[in-house]
Amino acid sequence: MNLKKVYTEKYGYERVVTAKNSSLYYAECDMLKLAEGKSYTVDEEGKEFALIILFGKCTVEGEGFSFLAGSRADVFDGAAETVYVGKDTPFTVTAQSGDVKIAVCKAPAEKYFAPYQIKREEVETKTFGKGSFVREVAFTFPETKEANHLYIGEFWVNDGGWASYPPHKHDVDDLPREGALDEIYYFEFDKPQGFGFQAVYTPEGDIDEAYKIENGDFVEIPRGYHPMTVAPGYKNYCLWIMAGKSRGLLSSPEECHKWVVAN
């Protein structure tokens with residue numbers, strides 16, 4: 001089982017994690033990079049979209065809507081801005097004032113919601129964990145915003161630190177304790193040679209994977225626990241894309257490691 005996908009940054013539109021090449025049902029992610037003044041149109045039926053502006057500025061336009069989005073120089077420059085586009089709604093992205101790079105997150109949609117924008121100042125950020133597993137988390141596309149299945153955020157990990165720790169999972173519908181949500185992690189590092197490691201494993205042992213992660217890597221998480229760590233000396237950025245019937249932080253920890261946060 002290979003849960004890792006590799007994206008090499010380049011101009012154009014690339015389908016990276018899809019319903020056809022992954023083990024996921026709800027979550028998908030494409031990547032779009034455009035030079036200033038260039039445009040790309042997306043017209044895909046039956047899907048909702050959350051466009052996470054990784055860097056740069058762009059317009060997102062369609063019938064009856066137009067947004068100017070993007071406020072950061074790179075993924076380490078605070079939280080991202082987002083444009084949501086609902087089911088069966090074609091849209092065109094045009095780069096403004098230089099290059100723009102966008103994570104085009106999508107999921108199957110049953111209900112239509114009108115397009116809207118989430119500006120940087122609206123994004124809630126929190127500090128999670130402590131000690132060697134402290135990290136900053138941004139709730140970039142929270143469950144409080146209208147959508148069918150998408151729930152998206154970002155986190156930043158420094159210098160040998162850990163995230164998604166203590167290990168947790170969200171693969172069983174047992175509300176309110178745990179919800180079943182697909183997840184995708186997308187990684188960048190503050191230096192070209194930066195790296196880390198991502199694990200994905202289940203209690204039953206049918207999934208037991210570990211990957212070296214570098215700039216542009218994706219790891220899909222269909223089930224199980226999924227802690228990650230960054231190598232000492234480097235800073236990591238992770239975009240987490242969750243999608244499922246129940247949106248939110250509906251996860252349960254690995255019981256044997258709960259003591260770490262209790263002390």
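Structure values in brief
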| quantity | calculated |
| --- | --- |
| Segments classed as strands (runs of 3 or more DSSP E), wholly inside segment 198-247, with at least 1 members that are hydrophobic (A, V, I, L, M, F, W, C), over 17 Å from the mean Cα position of the chain (by Cα) and surrounded by fewer than 24 Cβ atoms within 10 Å (Cβ to Cβ) | 208-213 |
| Where a residue in segment 180-208 is more than 15 Å from Glu254 (Cα to Cα) and modelled with pLDDT of 95 or more and its partner, wherever it lies, is β-branched (Val, Ile, Thr) and surrounded by fewer than 18 Cβ atoms within 10 Å (Cβ to Cβ), with Cβ under 7 Å and at least six apart | Ala180/Val172 |
| Selected residue (criterion: nearest to Ala231 (Cα to Cα)) from residues of segment 120-143 that are under 17 Å from the mean Cα position of the chain (by Cα) and among the β-branched types (Val, Ile, Thr) | Val137 |
| Residue list for segment 59-77, filter: in contact with a strand residue (DSSP E or B) (Cβ under 8 Å, 6 or more places away or on another chain) and not in a strand (DSSP E or B) | Gly70, Ser71, Arg72, Ala73, Asp74, Val75, Phe76, Asp77 |
| Residue satisfying all of: in segment 41-82; over 28 Å from Gly244 (Cβ atoms) and of a type in the set (Ser, Thr, Tyr); modelled with the lowest pLDDT among these | Ser71 |
| Single residue of Phe128, Phe139 found to be within 14 Å of Ala80 (Cα to Cα) and in contact with a Lys or Arg (Cβ under 8 Å, 6 or more places away or on another chain) | Phe139 |
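The values are calculated or read from the model by the stated rules, or taken from the named source; none is laboratory data. Fair warning: this is a prediction, and the values are worked out from it, not measured in the lab. Positions of Cβ are generated from backbone atoms using ideal geometry, with glycine treated the same way; all protein chains shown enter the neighbour counts.
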